[in-house]
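Every number in this text was worked out from the coordinates using simple rules, so none of it is lab data. Only a predicted model underlies this, so the values are computations on that prediction, with no experimental measurement involved. Note that we place each Cβ from the backbone using ideal geometry, even for glycine, and neighbour counts take in every protein chain shown.
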Amino acid sequence: MTRRIALLPLLLATASAPAFAQEVEAISVWGQRANDLGRATSASEGRIAYADFASRPLLRPGELIEAVPGLAATQHSGAGKANQYFLRGFNLDHGTDLAASLDGVPLNLPSHGHGQGYLDLNVLTPEFVHDISFKKGPYSAENGDFATAGAVAFETADHLHGDGLQVWAGENDYYRALGSKALTSNVLVAADITTNNGAWTQSEDLRKISLLGHAIVGGWSITALAYDTRWNATDLDTVDATDGGTTSRYMLSARRRDLLRGLDTVVYLQRYKLDVFSNFTYFLDDPVNGDQFEQVDQRWIYGGAITKRWTLGEGWSARTGVTARVDDIGKVGLYRTTARLRRATVRQDALTEWSTAVWGEASKRFGQLDVTAGLRADAMGADVKAGDPRNAGTVSDVLLSPKLALAWRISKTFELYADAGRGFHSNDARGAVITIDPVTGDPADRAPLLSPTDGAELGLRWRRDDLTVTAAAWALHVDSELVYVGDAGFTEASGATRRRGIELLADWRPTARLNLTASYAGTHARFTNGDRIPNAVASVFTGGASWKLGPTSSVTLTYRRLGAAPLIEDNAVRSRPTGLVNALFVQDFGPASLMVEMLNLANSGRDDIAYFYASRLPREPAEGVEDVHFHPVEPRAIRAGIKINF
C-alpha cells in the first residue's frame, strides 16, 4: 500500500544513517509507535517506520519530512526548488538549521548560491523510504553542522517492497509513472518520471526524472542516483513569467555495516548543479529591465564517515565516529538578468570548503538512570577565490561541543529525560572573508564561520496499552545569526537569539482498525534585544487518522495548521495561520491497488508562505510599496493512481 507523490531516486543503499541507527528504536509518529521506554535518550527523538507513513497523502516529496512532529514544510517558488522548513521557531530558509541525510550521505549544501545549508528534498522518492529517524536539538554527538533545531535521517530499503509499476494522473496535468525491477537478487533498477503544470495562471511546467541503481557487492551496498528537474516559478504568477530554473544531483555511495564488529562505513561522491531565476521586487531596483536575478551553483562533493560501537567494562558502552567532507565548488554566482538573459555580474566565485569531525559518547546505567556523555570536535575551513580579489581569502575555525543526556526509568510505562548540549551551523564561507559589499562597494561585515548554539531540554514519555504520550520543554540560544544572503551577495547581521518552547505528542490506537495521532509545538522566539524574529512561527499542530475500512481498503486523513508569525521585528505585521486537510483512499485488488488522493480537501485559500518587504510594479511610486508578499496554498486537487505488483 504505497503512497503517491515524489520523485524516484531515493538511494536504496542498505543502511541507516550512522547518526541514528544505533540505540534508538524511536517513536513512530505516524501509526502505532514502537515502545521507546528504556531506549531513547530524549523525548524529542524518534523513528518512523515505512508502515507508519506509507499511506500518508503528500502534495510534494519534501512534505514527507512533516511526519516528524512539529516540523512543517512549505513552498513558494515551484516544485523544483527546496522547501521552506519551520521547526522550533526557525524559518529554516531552505535548511540552515536543519540537517538531513540519505543513507548516511549528507544532503545540506554549505556556501550555496541560494541559501546556506540549502536542503532540497525533491531528490527523495517517498515510496522508497524505509524509515525516518529524527533528533531535535543539539544533544547528540553524532550530529554536526546545521543540526541545531534538529536532524533527520532518511533510510531506504534494500528492496522496493517488491517489483511493481505505479501510474498516476490528476488535475492540472499532473502525471507520474514509477517502476522498479530486481534484475537479480543483488541488483535493482528503478525509474520515476513526474510532470505537472500546476494550478496557477503561469504554468509550472514541471518536468522531473529520476533513475536509480542499487547493487550488493562483496558486502557493500552500492547505490547510484540521478535526479534532474526543470520548472517555472509560481510565486509571481504572470508578473515575471520567466522565473524558474533547472537543477540536478548525481550521487554514488557505498556503505558497509559490520554488525559483529559494530562498524558502519559510508563513502560518497556527488555532483550538483542549480541554475535558478527569481524576481521578488519586480521593478524596484531597475524600473526599465526589472529586478530578476540568476543564482548558479556547481559543485563536486566528496566525503565519508565511520562509526564504531564499543562494549567496555563495568557496564560501560561507547560509540565513536569520524567524518570528512570536501565541497569543490567550481562556480557560485549571482547575476542581474532580464528574461533569463544576463545583464551584469554581481559576483562570481569559486571555493573549496572542507570539514572534518571526531566525536564520541559513553553510556552507562546507574540503577534506573541511564547517563550518556558526549563530545564532538569540528574543524572547518575554506579557500575563496572571488571575482573581486578584495573578497577573496582563506578562513578556518574549530569548535568543541559537549553533550549530556539523562534518562530516568521511573517504571515500565514512564520515563523522564534531561538533555543539554552545544551544536552549531556554519555560515557561508564567502561571508566569512568578505570585505566589500558587491552591490554598493561599502565595507561589509564578516560572519563567523561557525556559529554555536547552546540548548537544553526536559521531557517525558508515558505509555499505557495502546496510548503513547511524549512531552518536552526546550530552550535554545544562538550566538549569532549572521548569514550570507545569496539573493544579494552580502552578509546580513541579525544578532543573537533565544528560543524556548513546548512539544506534545500523542498516539492512540483505540481499535485494531483505527489509529489517531496528534502533535503540538509552541515556540517563543526573540532576538536578545527583545525584537521579534521575522517568520518565527509560534505554533504547529498536526493530526491524523488512519482507518482500515475492511480487509482490503483504508482511508487516511491528515491535518496541519501552521500558526501565525511576525513578519517584521516590531510585530506590527503578521502572517495568517494556515490549515490544510489531505486525504488518501486505498483499495487493494489482489496484486493491484487503486489509490485516490484528495489534497487541500477543504479548499483553503490561505497562504503557504508570506513575507513583508518593499516591491514595485509598473506605475507604482519609485520607492516601491511595502506590503505582504504571499503565495497561496494550492487549491483542492484530486489525483488517482494504480499500482501493480509483479
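A straight chain from Arg513 to Asp466 at 0.36 nm per residue would run longer than the Cα-Cα distance by 15.7 nm.
Here segment 87-162 was treated as a single set of alpha-carbon atoms; its pair distances binned every 10 Å from 0 give 19, 49, 26, 6, 0 percent.
Computed from the Cα positions only, the extents of segment 126-238 along the three principal axes stand at 51, 42, 19 Å, in decreasing order.
Determine, for Asp235, Asp445, Asp228, the number of other Cβ atoms within 10 Å of each Cβ, and report the residues in order from fewest to most.
Details: Asp235 22, Asp445 13, Asp228 17.
Ranked by crowding around the Cβ, least crowded first: Asp445, Asp228, Asp235.
Kindly provide log₁₀ I(q)/I(0) values, in the same order as q = 0.06, 0.12 Å⁻¹, from the Debye equation applied to equal alpha-carbon scatterers of the chain. Once normalised to I(0) and log-transformed, intensities are -0.30, -1.37. Since only Gly113, Ala640, Gly605 are under comparison, the one whose Cα sits farthest along the positive direction of the charge dipole of the chain, derived from C-beta charges on Lys, Arg, Asp and Glu, is Ala640.
Think of it as helices only: each DSSP H run of n ≥ 4 in the chain is worth -39500 (n - 2.57), and spread over all residues that comes to 0 deg cm²/dmol at 222 nm.
Mind checking the dipole of the chain: about its Cα centre, +1 per Lys or Arg Cβ, -1 per Asp or Glu Cβ, Debye to the nearest 20?
Numbers: 66 positive and 75 negative charges, 377 e Å.
Value, rounded to 20: 1820 debye.
Please give the charge dipole size of segment 403-554, origin at the Cα centre, charges +1 on K and R Cβ atoms and -1 on D and E Cβ atoms. Round to the nearest 20 debye.
Details: 17 positive and 17 negative charges, 201 e Å.
Dipole magnitude for segment 403-554 comes out near 960 debye.
Rounded to the nearest 0.05, the FRET efficiency derived from the C-beta distance between Leu259 and Glu626 at R0 = 51 Å is 0.30. Positive-end ranking of Ala614, Asn83, Leu404 along the dipole of the chain, with charges on Cβ about the Cα centre, is headed by Leu404.
Residues in segment 569-581 carry Karplus couplings, in order, of 5, 8, 6, 6, 10, 10, 7, 9, x, 10, x, 10, 10 Hz; the curve used is 6.51 cos²θ - 1.76 cosθ + 1.60 with θ = phi - 60°, and Gly or Pro positions show x.
Computed over segment 271-329, the P(r) tail beyond 13 angstrom holds 76 percent of alpha carbon pairs. Seen from all directions on average, segment 427-562 presents a Cα convex hull projection of 11.9 nm².
A full extension of the chain between Lys412 and Ser604 corresponds to an added length of 64.7 nm, given 0.36 nm per residue minus the alpha carbon distance.
Since only Val266, Gly304, Ala318 are under comparison, the one whose Cα sits farthest along the positive direction of the charge dipole of the chain, derived from C-beta charges on Lys, Arg, Asp and Glu, is Ala318. Give, as ranges by residue number, the residues of segment 318-345 whose backbone N falls under 15 Å from the point 7 Å along Cα→Cβ of Lys385. What the label zone holds, given the 15 Å backbone N cut-off, is 327-333. In terms of other Cβ atoms within 10 Å, Phe154, Phe366, Phe414 run from fewest to most in the order Phe366, Phe414, Phe154. Fewest neighbouring Cβ atoms within 10 Å first, the residues Leu71, Leu458 line up as Leu458, Leu71.
For Asp607, nonlocal amide neighbours, meaning residues 5 or more places apart or on other chains whose placed amide H falls under 5 Å from its own, are Val633.
Pop out the Kirkwood hydrodynamic radius of segment 325-465 from its pairwise C-alpha distances, inverse of mean 1/r, in Å to one decimal. Mind showing how you got there, number by number?
Values: mean 1/r = 0.0535 Å⁻¹.
This gives a value of 18.7 Å.
With the alpha-carbon atoms as the only input, what is the per residue convex hull volume for segment 257-387 in Å³? If you can, show how the numbers build up before the last one.
Values: hull volume 21.2 nm³, N = 131.
For segment 257-387, the hull spanned by Cα atoms encloses 162 Å³ per residue.
Distance check, please: which entries in Lys136/Lys331; Lys308/Lys364; Lys135/Lys364; Lys308/Lys403; Lys181/Lys643; Lys364/Lys412 exceed 22 angstrom between their Cα atoms? Please list the in-between numbers first.
Numbers: Lys136/Lys331 33 Å; Lys308/Lys364 17 Å; Lys135/Lys364 20 Å; Lys308/Lys403 18 Å; Lys181/Lys643 14 Å; Lys364/Lys412 19 Å.
Cα-Cα > 22 Å for Lys136/Lys331; rest within.
Proximity of backbone amide H atoms, modeled 1.01 Å from N, is registered between Ala392 and Ala386 at under 5 Å, excluding neighbours fewer than 5 places apart on the same chain.
Of the chain, which part is the longest with no GluC sites (Glu not before Pro) in a loop (DSSP not H, G, I, E, B) and with at most 13 other C-beta atoms within 10 angstrom?
Values: sites that count: Glu314, Glu623.
Answer - 1-313.
Placing a pseudo-label 7 Å from each Cα along the Cα-to-Cβ vector at Ser203 and Arg340 gives an inter-label distance of 1.3 nm. In this simple spin-label approximation, His524 and Ile644 carry label points 7 Å from Cα along the Cα→Cβ vector, and these lie 6.0 nm apart.
Taking a point 7 Å from the Cα of Val358 along the Cα-to-Cβ direction, the residues of segment 289-313 with backbone N closer than 20 Å to it are 303-312.
Counting other C-beta atoms within 10 Å, and keeping those with at most 11, which DSSP coil trypsin sites (Lys or Arg not before Pro) do you find in segment 554-646? The partial results should precede the final answer.
Details: sites: Arg560, Arg561, Arg574, Arg606, Arg616, Arg619, Arg636, Arg639, Lys643; in loops: Arg606, Arg619, Arg636.
For trypsin sites (Lys or Arg not before Pro) across segment 554-646 that sit outside H, G, I, E and B with at most 11 neighbouring Cβ atoms in 10 Å, the list reads Arg619.
How large is log10 of I(q)/I(0) for segment 181-292 at q = 0.12, 0.18 Å⁻¹ when the intensity is taken from the Debye formula with one equal scatterer per alpha-carbon? Those come out to -0.63, -0.94, one per q.
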